[in-house]
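The values are calculated or read from the model by the stated rules, or taken from the named source; none is laboratory data. For clarity, every value in this text was computed on a predicted model and none was experimentally measured. Virtual Cβ from ideal backbone geometry, glycine too; neighbours counted across all protein chains shown. Remember, those area values only see protein heavy atoms, side chains included, never the ligands or the DNA or RNA. Shrake-Rupley method; radii C 1.70, N 1.55, O 1.52, S 1.80 Å.
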Amino acid sequence: GACLRWWLVKDGNVLFWFDQARDALTARDMYTNLDLKIQGPSASGTSDSVHHGVLYYYLIAPLYWLFSGNPISVSIILGWLSLLTIWPISWLTYRFTKSKLATATAVIFFIFSLEASQSGTWLSNPTIAITSVPFFFFFLWRVFWEKRTQELPWLALALAICNQAVIYTVYLFGALAATWLYFGHQRASAKFTKKQLFWAGVVYLLGTSSMV
């Protein structure tokens with residue numbers, strides 16, 4: 001998977017248009033002028049009135065600094081980081097199917113997926129969601145299906161990162177609400193303490209505070 005993502009962009013096959021140039025210049029300002037940002041990239045079609053979270057800038061700024069502004073190297077590293085998605089994909093697939101073959105197949109499909117490879121090496125904020133969304137469902141399963149309620153703050157963190165990456169991932173609140181309602185009618189459903197709910201709220205608000 002790492003070799004595939006390296007091969008895809010090693011010869012400069014990187015989309016580098018207006019948004020990518022804007023983000024690269026913003027990253028350069030951050031590490032050369034110590035111009036720390038509190039707003040992320042503007043959402044397309046909003047005339048700069050709506051912004052995504054700032055997390056993406058703090059992800060790419062150290063990479064641009066490390067590789068002297070080379071977008072190809074930054075793209076490769078982002079692609080490698082996207083391979084972290086293998087963990088929640090394999091874990092969830094096995095929980096659903098109880099089959100090692102199905103799990104291995106799902107992982108292989110992801111590793112060699114052209115769409116996943118291209119999206120993972122894309123120099124744009126949605127690339128974070130490739131990993132954060134599967135981790136959201138990973139923690140959703142663990143919290144509600146396996147009743148690991150102590151991991152509720154981790155679920156909130158995954159949701160916050162998703163919303164930071166792409167605003168439209170607010171649809172994940174629908175998945176969270178549907179799951180909560182489904183298990184709410186069952187006696188053996190997960191029970192949350194006030195402390196767990198409090199810290200989950202704090203984590204989510206801190207994780208999305210730059211978007212306010």
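Scanning region 126-177 for residues that are open to solvent by 20 Å² or more (accessible area, probe 1.4 Å) and not in a helix (DSSP H, G or I) returns Glu146, Lys147, Arg148.
In the set (1) among the small types (Gly, Ala, Ser); (2) over 22 Å from Ile130 (Cβ atoms); (3) not in a loop (DSSP other than H, G, I, E, B), the condition left unmet by Ala190 is number (3). Looking only at region 55-86, residues that are open to solvent by 60 Å² or more (accessible area, probe 1.4 Å) and closer than 22 Å to Phe135 by Cβ come to 6 in all. Mind listing whichever residues of region 1-20 are part of a helix (DSSP H, G or I) and polar (S, T, N, Q)? Across region 1-20, the qualifying residue is only Gln20.
With aromatic (Phe, Trp, Tyr), closer than 24 Å to Trp80 by Cβ, open to solvent by 90 Å² or more (accessible area, probe 1.4 Å) and under 21 Å from the mean Cα position of the chain (by Cα) as the only criterion, which of Trp17, Trp6 stands out? Walk me through it before giving the result.
Details: Trp17 fails: under 21 Å from the mean Cα position of the chain (by Cα).
Answer to the check: Trp6.
Candidates in region 111-123 are the residues that are crowded, with 19+ Cβ neighbours inside 10 Å and small (Gly, Ala, Ser); of these, the one that is farthest from the chain's Cα centre (by Cα) is Ser117. The set of residues in region 190-212 that are open to solvent by less than 60 Å² (accessible area, probe 1.4 Å) and either over 14 Å from Leu55 (Cα atoms) or more than 23 Å from the chain's Cα centre (by Cα) (or both) comprises Ala190, Phe192, Gln196, Ala200, Gly201, Val202, Val203.
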